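Student: Take this structure, written in structure tokens, and hold onto it; I'll ask about it next.
A short reminder: the numbers here are calculations on the coordinates, not readings from a lab. Note that the coordinates shown come from a computational prediction; the quantities given were computed from them, not determined experimentally. Cβ placement follows ideal geometry from the backbone for every residue including glycine, while neighbour counts extend to all protein chains displayed.
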Amino acid sequence: MRNPLEDGFGQARAVADAVLFEGYVLYPYRASSAKNRLRWQFGVLVPPAWAATGGEHAVQRTEVLLEPRAGDRLHAELRFLHVRRRTVERLGSDGRYTEVAELELPDRVLVPWDEGHEERVLIHAPFDELTEPQAAARVVKFDLPPGTEHEPVTDSEGRTVGRLVRHRERLSGELRPLVEELPGPYRVLRLTVGVHNTTDADVADRTEALAHSMIGTHLLLGVPGGRFLSMTDPPEWARPAVAECHNDHTWPVLAGPPGAEEIMLSSPIVLEDHPALADESPGPLYDATEIDEILSLRTAALTEREKREARGTDARAAEVVDLVDSMPEAVRERLHGAIRGLREVTGEPGPGALAPAGPVPAAAGASSGAADPYPAPAERDFSATATGLTLPDGPGHPWWDPAQDPAAGEEVPAAVVIDGRTVRAGSRVLLTPGTRRSDAQDEFLLGRRATVEAVVGDLDGETHLAVVVDDDPGTDLRRAQGRFLYFRPDEVAPLEEETP
């Protein structure tokens, strides 16, 4: 007999894997790529000692509401990656192993790499054991000891030519569940689950800290016979209680098929309720929510040497290369797009007409109290996830710089004049985005001070300022990756001071 909860957990895991392995190995799937040297960015819980100095977090907190109804117990599953540092050794004629930068084989080129090993921690407990003071006894502690593993490497004739050595560091943590019943006419429980990295490790930098960290950390929560309340679109009577829930470094959403309410996924990135992978997606591609079609075509265009290096970088990268190489043409064509639904457009301005320029319409599902005279066009869902940007093989540059692209045509000026003042790389500006082109992120940055990193142009001849925002804890990471925020000259105002 099928278990509905396990079926729902399985669907949630498939979505969560897009989170768990988010940015795990980026196209072109080779360790030598610059962007693959800056990994592990989502759901990272570091040791407390590094959290105190490194600006990252050691605790993740999920707080949600549920109606137990016929349910009387919680099923929880904590999932994360534990780093295993892999080195490569060659077997010499004297029978001794020597560490090398690469070991070349006919089908792959093996190189050092940080692998992510999936770990799970489970809780199955009745609600009455998760209330105060019994909850203290239900804290789940786990300790993953350090260790070293060896895997022999053989050639095409089966002879041992080297070995892979995998080192893992100690990682310990706690899962702290708590249930409280809220006052009111409805029986509603507030479920809080804290995930704590408790590793006692004295680390000098982030590289060392990652070896003791929980990566891609997320929770699956299930209440058979019960009902979780949506945290993004709750019933009207529950909105005040939902507003009081406190979630740190996580975003809980209903999981499973539409209409299911027994399962919740607490994710380190923002998702919508009941997220699902596109049916057309041929398999996991691991490249930070990039479009499947683009990744498949780019991977197919890799040289044989590049494919051998990708296969030797990581087992998952090897699976991607094999997947693309063996993909039937009919499957490849499906990646070009899919129409999820159609609806007839009636009334003015006429069927198929485009909406006029102006304010962005309300999000899908939102109600303004009146019929929308300009319904949104049918959506085209290209993949399971959103698009991303590709970086050059070198830090400190915008993701595309026409000044370094000979096909870009007109030369981009090194500076631009704004309000009578010259603004160039290093200049200080005040962000003043208007309503003409702004999105939600721009509105959040209104009035913030920033530093210009570069003056760049696009293929339409427009000039843009690449900036980093003051007091942004990710500034160093943005600079290293070359991922900046972009504003037009009329969306900033020059400042007098030259340093933040």
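Student: Count the net charge of all other residues whose Cβ sits under 15 Å from the Cβ of Gly162, scoring Lys and Arg as +1 and Asp and Glu as -1. Walk me through the intermediate numbers first.
Tutor: Numbers: positive: Arg86, Arg90, Arg96, Arg108, Arg159, Arg163, Arg166; negative: Glu89, Asp94, Glu99, Glu102, Glu104, Asp107, Glu149, Glu151, Asp155, Glu157.
So the surrounding residues net to -3.
Student: Under 19 Å from a point placed 7 Å out from the Cα of Arg37 along the Cα-to-Cβ direction: which residues of region 79-116 have their backbone N that close?
Tutor: Answer for region 79-116: 85-88, 100-103, 110-115.
Student: Tell me which residues come under 5 Å, amide H to amide H, from Ala201 once H is placed; ignore anything under 5 positions away on its chain.
Tutor: Excluding prolines and chain starts, which carry no amide H, the hits are Ala49.
Student: While we're here: Taking the Cβ-Cβ separation of Asp205 and Asp470 as r and a Förster radius of 25 Å, what is the calculated FRET efficiency to the nearest 0.05?
Tutor: 0.55
Student: For region 308-325, what does the Karplus curve 6.51 cos²θ - 1.76 cosθ + 1.60, with θ = phi - 60°, yield as ³J(HN,Hα) per residue in whole Hz, taken in order and with x for Gly and Pro?
Tutor: Computed from phi, the couplings for region 308-325 are 5, 5, 4, 4, x, 6, 7, 4, 5, 5, 4, 5, 5, 4, 5, 4, 5, 5 Hz.
Student: Counting only the backbone N, which residues of region 60-100 are under 16 Å from the spot 7 Å out from the Cα of Thr160 toward its beta-carbon?
Tutor: Answer for this model: 88-99.
Student: Hey, another quick one. How would you rank 40-51, 184-195, highest first, on the average number of other Cβ atoms within 10 Å across their residues? Mind showing how you got there, number by number?
Tutor: On the way: 40-51: 21.5, 184-195: 17.0.
Peptide ranking by packing, descending: 40-51, 184-195.
Student: Would you mind counting up the charge near Val321? Only other residues with Cβ under 14 Å from its Cβ, with Lys and Arg at +1 and Asp and Glu at -1.
Tutor: -1
Student: By average Cβ neighbour count within 10 Å, what is the ranking of 218-229, 19-30, 106-117 from highest down?
Tutor: 19-30, 218-229, 106-117
Student: Okay, next question. Could you state the number of Å between the C-alpha centres of region 212-269 and region 470-500?
Tutor: 34
Student: Amide H of Arg73 versus every other amide H placed in the peptide plane: which residues, excluding those fewer than 5 positions away on the same chain, fall under 5 Å?
Tutor: Phe127
Student: Provide the per-residue ³J(HN,Hα) series for region 113-120, in order, calculated from phi with Karplus coefficients 6.51, -1.76, 1.60 and θ = phi - 60°, each as a whole number of Hz, with x at glycine and proline positions.
Tutor: Computed from phi, the couplings for region 113-120 are 6, 9, 8, x, 9, 6, 10, 9 Hz.
Student: Something else about it: Region 289-344: which trypsin sites (Lys or Arg not before Pro) are DSSP loop and have at most 16 other beta-carbon atoms within 10 angstrom?
Tutor: Hits after loop and neighbour filter: Arg340, Arg343.
Student: Each residue of region 275-280 in order: what ³J(HN,Hα) in whole Hz does its phi give by Karplus 6.51 cos²θ - 1.76 cosθ + 1.60, θ = phi - 60°, with x for Gly and Pro?
Tutor: Using θ = phi - 60°, the values come out as x, 8, 7, 5, 4, 6 Hz.
Student: Let me ask something else about it. Non-local amide H neighbours of Val423 (under 5 Å, H modeled in plane, Pro and chain starts lacking H): which ones?
Tutor: Amide H to amide H, under 5 Å and 5 or more residues apart or across chains, Val423 pairs with Val416, Val417, Ile418.
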